[in-house]
Amino acid sequence: MSLDPISQLLADFQAEAAATAASPAEELLRVEALRVRLLGKKGEVTALLRQLGQLSAEERPVFGQRVNTLKEQIGEQLDALRSAAQLAAEQAELEAGWLDPTLSTAAAGALAVNLPARGQKHPITRLLDIVIEHFTGLGFEVASGPEIEDTWHNFDALNIPDNHPARDVWDTFYTTKGEVPRTHTSSVQIRTMLSQKPPIRVISPGKCFRNETIDATHLAAFNQCEGLYVDRGVTLGHLKATLEGWVQRLFGPEVKVRFRPAFYPFVEPGLDLDAQCFLCGGGGHLAGGATCTVCRGKGWLEVIPCGMVHPNVLRNCGIDPDEWSAFAFGMGFDRLVMLQNGIDDLRRLYSGRLDLVRQL
Ligand SMILES: [Zn+2]
């Protein structure tokens, strides 16, 4: 008997192995069927071994060895095919395994299908949406500007003198070219006043950068939103009404606000708006007598620095302060999100921890 059946079987197997089934699942079935057909107890390779008895004493060891080699070769090739099919099956499951557009949510739940986790916006983005919705409703437009500024737009135009500590490298980052990663979005107000004629109503949300030692309430990069209203006859009354409405939107219609005098070089007069603590109602203590965790016992929350835009700032932007007046305000977004949600450490908002963000 010739040794050809071995070569023939190998050639046939390799031709079959080269084909691929339509799907990874079918491919797995196909590979297992091939294994049974060739290497099973009644398989074709096993059948070859049964032919040993018909061979001469010289032929037997050679034939036997060749059949064993064939068995190993086919086994290895089938293992490789199975691994590839399993990998493809896992990949397909990852890509589309849970996505059955024909299945209702209820049906998917009943079948215990692994539904994807529901996504949501980050709390800072959610607050940004609310700010934009609220102020555009009052006729404000959203303005944006560069995050890397020159010192004129970031400081000089805002009436911040050369010797002001805010310009110090301990407070402000500088590029090697002497530019400033903006320390506030007030630079956008300047750019808006330079490029538009009054009346102007804008809010300018965006990222700001300061050379801060990072701790629970300070970050070197943070989010801010400022607002500006320039028109004839704008007064503190307009500022008060606008910001009271906003704080009530933020913390509820019952919340009380107060204005305290404050100094900022770009406003005159300058004010700080405080909101009565929404958690303890202004008493500074929670039920049971514990110190309020949100206001830390003060009863009030510093929320919005604001004021009437300094005449020098208007002049710097080519706006006559005898004809026009303006109010401006700013708010740290991250701080507002902290207050709203009772978060004790600002860094948590930027930790990328989804388990935290999903609670908010
Ligand atoms: Zn409180």
Each residue of the stretch 188-205 in order: what ³J(HN,Hα) in whole Hz does its phi give by Karplus 6.51 cos²θ - 1.76 cosθ + 1.60, θ = phi - 60°, with x for Gly and Pro?
5, 4, 4, 4, 5, 5, 6, 9, 10, 8, x, x, 10, 9, 9, 10, 10, x
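Roughly speaking, what is the stretch gain from Ala11 to Arg315, that is 0.36 nm per residue apart minus the C-alpha to C-alpha distance, in nm to one decimal?
Values: separation 304, 0.36 × 304 = 109.44 nm, distance 9.02 nm.
Full extension of this stretch gives 100.4 nm more.
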By how many degrees, 0 to 90 and rounded to 10, does the Cα axis of helix 24-39 deviate from the longest principal axis of the chain?
20
What spacing in nm lies between the two simple spin-label points modelled at Asp355 and Glu179, each 7 Å away from Cα in the Cβ direction?
4.1
Sequence-distant or interchain residues sharing an amide H contact under 5 Å with Gly282, placed H: which?
Cys277
Debye calculation, C-alpha points only, no solvent: report log10 I(q)/I(0) for the chain at q = 0.10, 0.11, 0.13 Å⁻¹, in the same order as the q values.
-0.74, -0.84, -1.05
In whole Hz, the Karplus estimates of ³J(HN,Hα) for the stretch 301-312 (6.51, -1.76, 1.60; θ = phi - 60°; x where Gly or Pro) are 10, 6, 10, 9, x, 7, x, 8, 4, 4, x, 4
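How do Lys298, Lys177 line up, fewest other C-beta atoms within 10 Å first? Please report the intermediate quantities before stating the final value.
Details: Lys298 15, Lys177 7.
In order of increasing Cβ crowding within 10 Å: Lys177, Lys298.
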Result for the chain, cysteines with no Cys Cβ partner under 4.7 Å, is Cys208, Cys225, Cys306, Cys317
For Ile132 and Lys240 in one chain, what is 0.36 nm times their gap in residues minus the Cα-Cα distance, to one decimal in nm?
37.0 nm
For the stretch 86-93, what does the Karplus curve 6.51 cos²θ - 1.76 cosθ + 1.60, with θ = phi - 60°, yield as ³J(HN,Hα) per residue in whole Hz, taken in order and with x for Gly and Pro?
5, 4, 5, 5, 5, 4, 4, 5
Assuming R0 = 45 Å, what is the FRET efficiency of Asp231 and Glu26, from their Cβ-Cβ distance, to the nearest 0.05?
0.05
Have a look at Leu158, Ser187, Val202 and report the one farthest towards the positive end of the charge dipole of the stretch 135-248, computed about the Cα centre with Cβ charges (Lys/Arg +1, Asp/Glu -1).
Val202
Return Glu323, Glu147 ranked ascending by Cβ neighbour count within 10 Å, so the fewest neighbours appear first.
Glu323, Glu147
Per the helix-only model, the chain has a calculated mean residue ellipticity at 222 nm (DSSP H runs of ≥4, -39500 (n - 2.57) each, divided over all residues, rounded to the nearest 500) of -12000 deg cm²/dmol
Under 8 Å for C-alpha pairs, at least 6 residues apart: give me the relative contact order for the chain, rounded to a whole percent.
13
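For a quick check of your reading of the filter: which GluC sites (Glu not before Pro) in the stretch 45-74 sit in a DSSP loop and have no more than 14 other Cβ atoms within 10 Å?
Values: sites: Glu58, Glu59, Glu72; in loops: Glu58.
When the GluC sites (Glu not before Pro) of the stretch 45-74 are filtered for loop state and at most 14 Cβ neighbours within 10 Å, Glu58 remain.
How far, in nm, would the chain grow between Val36 and Arg66 when pulled straight, counting 0.36 nm per residue and subtracting the alpha carbon separation? Before the final figure, lay out each step's value.
Working: separation 30, 0.36 × 30 = 10.80 nm, distance 1.98 nm.
Between Val36 and Arg66, full extension yields 8.8 nm more.
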Cα-centred dipole magnitude for the chain, charges only on beta-carbon of K, R (+1) and D, E (-1), debye, nearest 20
780
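Bear in mind these aren't lab numbers, they're just calculated from the coordinates by the rules spelled out. Remember, it's a predicted structure, so these values are computed and weren't measured experimentally. In this analysis, Cβ positions are derived from the backbone assuming ideal geometry, glycine residues included, and neighbour counts consider all displayed protein chains.
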